[in-house]
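The values are calculated or read from the model by the stated rules, or taken from the named source; none is laboratory data. Owing to the predicted nature of the structure, the values given are computational and were not obtained by experimental measurement. All Cβ positions, glycine included, derive from the backbone under ideal geometry; neighbour counts span all protein chains shown. Just so you know, the surface numbers come from the protein's heavy atoms only, side chains and all, with ligands and any DNA or RNA stripped out. Shrake-Rupley method; radii C 1.70, N 1.55, O 1.52, S 1.80 Å.
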Amino acid sequence: MTQQKEMEMTYMEAMMTGMINNIFFIIFPIIIYQMLATAGQRNFFVSHRVTMTVLFSISIILCMLFPYQFLTDQYIFDLRQVPMIVGALYGDPLVSAVLFLVSSGGRFLIGGDGMYIAIFNQFVIAAGVPFLRPLYMRLKRFGKIVLVFCISIASLLFNMLAGAYFFGDPIHDIIGIWVMLIINQGTIIVLTALMIEHMQRQEYLYNSLLKHEKMETVSHFAAAVSHELRNPLQSIKGFIQLMKEYDYSREKQVEFHSLILKEINAAEDLIDDYLVYAKPTYGQLEPITVSTEVHHVLKIMAPYANGKDVKMQIGDMDETAEILVDRQKFQQALVNIIRNGVESMPDGGTLAIAAKSSPAKVWIEVTDEGVGMTKEEVQRLGEPYFSNKIKGTGLGMMVTYSIVSQMNGQIMVDSQKGKGTEFTLEFPNIATFEKK
C-alpha cells in the first residue's frame, strides 16, 4: 500500500513538473514579444507575423520535447495544441499551416502508437480553426473564452474517441483521465487567450492615448496661432479702416504704412517660428567655436538685459570647444533661453553663462536668479502652449527644444522655485564627428 502511494506521489510530482514546464513554454513567447516589440505596434500576428510564428513554433517543439505523464504510463500528454489553436485564431491560414508542419513533423519524429491520430487531429485544427477566426474576432471577451474552450474540448474529445476506437480503450476506464485533461488544457488556453486580449487592450488604449495627445497638440497649435496672429491682424485692420475713413496727410499715411509693415513682419516671424517647430529645416551644418557664438549672442542681448536691470556675466569659458550646428538656429536657441532667463528676473539680477567640454561632449550652461520652476513645470517645458508667463504661449521654448534636438543635442534643466534656473545645452564634441 505504501509503495503504491509512493508511485502515485511520483506520478503526481512528474505530472506537476511537466505541466508547469508546458505552461511556461506557452507563455514565454508572448512575454518575450511584449518585452521586445515596439510600443504602439504590439498587434501580435498582424504587426510581427514571422516573429510570432517562430516563437509559437518553438513553444510547440518544447511542449513535445518535455511532455508529462498523467497518472499512468499509458498516457503522455503535452499542451502543444494551445499555441496551435491560439496561432490559428490570431494569425491566418498561413500561420496555421506553418504551426501544423512544425507540430506534425515533431510528432512524427517522436513516433508511438497514437502518432497518426495526433497528426490527423492537428491537421483538423490547422485546417478548421482559421475559418472560425472572423467569428472569434467579432466576439466579446466572454464569447472568445467560450469559443477557445470549446475548440480545446472538441480536440481532446476527438483524441479520446479515436483512442477508444483504434486501441480498444474502454471509455468508462479513461473518461476520468480525459476530463482532467480537458480541464487542464481548457484552463491554460483560456488564460492564454485572456492574456493576449489584455495585452491587445492595453495596446489599443496606448494608441488611443497617443492619438489623443496628437489631437490635443494640434488644438494647442491652433489656439496659439489664432491668439498670436489676431493681434497683428487687428492692428493692420484698424490702420486700413482709419486710412479709408479719414483723409490723413502723406506723412501720417507713411507712418501707418510703416506700422502695417511692422505688424506683417511680426506675423511672418511668428509663422516662421511655428514652421521651425513643426518641420525644422536647417542650412549647412558647420563647425563653430562655442565661445565666439556666446559672445556674439551676449552682445545682441545686452541692451535688452540692461533695460530689465539684469547683469550678464561670463563664467568659465572653454575657448577650444567646438560643435557642428546650423549657426543661425543655434544663436536663435541661445537667444530664446537667455531671454527667458532675463524675463524670469523682474526685479533684476545676474545671468551667468559658461561653456565646458570633454572629448565627447560640449556643455553650454545658462544660469539665472529668477523665480524658478517646480519639477512639474520643468517637465512640461517645450510643450505646446505651456508658459510660466501671463501672456506667454510657450512658443519660444518649443522652438528651442526642437532646434537643439534636431542638431543632435539635448536640454537639461535644473530649477528650484524662488532660487533660479540652470539650463544646460549638451552637444556632441566636433571631435566625435571627425573620428567617424
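Quick one: is residue 434 within 27 Å of residue 284 (Cα to Cα), modelled with pLDDT under 85, open to solvent by 70 Å² or more (accessible area, probe 1.4 Å) and out of contact with any strand residue (DSSP E or B) (no Cβ under 7 Å at 6 or more places or on another chain)? Taking the combined requirement at face value, the residue satisfies it.
The listed residues are 314, 300, and the only one of them that is in contact with a helix residue (DSSP H, G or I) (Cβ under 9 Å, 6 or more places away or on another chain) and in a strand (DSSP E or B) turns out to be 314. Determine whether residue 193 is open to solvent by less than 50 Å² (accessible area, probe 1.4 Å) and modelled with pLDDT of 75 or more. Answer is yes for this residue.
Results for (1) within 18 Å of residue 162 (Cβ to Cβ); (2) over 30 Å from the mean Cα position of the chain (by Cα), shown as yes or no for each residue.
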{"site": "78", "(1), (2)": "yes, yes"}
{"site": "84", "(1), (2)": "yes, no"}
{"site": "102", "(1), (2)": "no, yes"}
{"site": "116", "(1), (2)": "yes, yes"}
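Quick one: how many residues across segment 342-377 are surrounded by fewer than 16 Cβ atoms within 10 Å (Cβ to Cβ), among the β-branched types (Val, Ile, Thr) and at pLDDT below 90? Matching residues across segment 342-377 total 1. Here segment 399-426 is the region considered, the condition is being assigned to a strand (DSSP E or B) and surrounded by 20 or more Cβ atoms within 10 Å (Cβ to Cβ), and the residue that is nearest to the chain's Cα centre (by Cα) is 425.
Residues checked against (1) hydroxyl-bearing (Ser, Thr, Tyr); (2) farther than 16 Å from residue 196 by Cβ; (3) surrounded by fewer than 12 Cβ atoms within 10 Å (Cβ to Cβ); (4) at pLDDT 80 or above:
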position	(1), (2), (3), (4)
113	no, yes, yes, no
133	no, no, no, yes
136	yes, no, no, yes
140	no, no, yes, yes
145	no, no, no, yes
153	no, yes, no, yes
159	no, yes, no, no
166	no, yes, no, no
169	no, yes, no, no
